[in-house]
1. So for Thr79, Thr58, what's the accessible-area order with a 1.4 Å probe, most first?
2. Could you work out how far apart the two model spin labels at Arg132 and Ala72 are, taking each label as a point 7 Å from the Cα in the direction of the beta carbon, and quote it in nm?
3. How much space per residue, in cubic angstrom, does the convex hull of the C-alpha atoms of the stretch 66-156 take up?
4. With a 1.4 Å probe and every protein chain left in place, tell me how much accessible area Ser40 has, in Å² to the nearest 10.
5. Quick one: net charge of Asn49's neighbours, Cβ under 13 Å, K/R +1, D/E -1?
6. Determine Rg/Rh for the chain; Rg is computed over alpha-carbon atoms and Rh is the Kirkwood hydrodynamic estimate from the same atoms.
7. For Leu78, Leu22, what's the largest-to-smallest order of accessible area, 1.4 Å probe?
8. Which order, highest average first, do 80-92, 104-116 follow once you tally other Cβ atoms within 10 Å for each residue and take the mean per peptide?
Amino acid sequence: MTRPLKARKPDYMGEALAEAALAAAIGEVPVGAVLVDAASGEILARAHNRVERDGDPTAHAEMLAIRAAAAASGLKRLTGADLYVTLEPCAMCAAAISFARLRRLVYGAYDPKGGGVDHGPRLFQQPTCHHRPEVVGGVQEQACGDLLRGFFQDRR
């Protein structure tokens, strides 16, 4: 008797890691992001760091994914969206996540030096933060951290 195949759960962090690998290949800090519609599972936008390429200090993967999804939808609030990113967002990106009203943030590697979510300013814990998404850190942490460590070791 044949059993029906179980539908595989999408690996959104894997998709973000693929974006991070693209960034590394062009000499950018390997951070990738994927923005997903939580209801349908559809990927709304994907991006990787383009700071060097664009000469833009705000061209972080998170910012680019949020901008692309907002432009495509015509909405400034992405309330039903989840962001998967390979590195804990910095304070700038955490603020953008809050302003976009994202539902959930899922990130890979922790960033004790530059993170703004679980380290540094801990933006979502501040009383002045208007929107606090659900936060899940450490997803595929080893793979995300290995990609970053390898990138910087190669440059030393």
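The values are calculated or read from the model by the stated rules, or taken from the named source; none is laboratory data. Fair warning: this is a prediction, and the values are worked out from it, not measured in the lab. Reconstructed Cβ throughout: ideal geometry from the backbone, glycine too, with neighbour counts over all protein chains shown. Areas reflect the complete protein model, heavy atoms only, side chains present, ligands, DNA and RNA absent. Shrake-Rupley method; radii C 1.70, N 1.55, O 1.52, S 1.80 Å.
1. On the way: Thr79 90, Thr58 45 Å².
Descending accessible area places them as Thr79, Thr58.
2. 3.0
3. Numbers: hull volume 9.1 nm³, N = 91.
Output value, Cα hull per residue: 100 Å³.
4. 80
5. Details: positive: Arg46, Arg50, Arg53; negative: Glu19, Glu28, Glu52, Asp54, Asp56, Glu62.
Local net charge: -3.
6. Numbers: Rg = 15.7 Å, Rh = 15.7 Å.
Using Cα coordinates only, the ratio equals 1.00.
7. Numbers: Leu78 15, Leu22 90 Å².
Accessible-area ranking of Leu78, Leu22, largest first: Leu22, Leu78.
8. On the way: 80-92: 24.8, 104-116: 19.5.
Ranked from most to least packed, the peptides come out as 80-92, 104-116.
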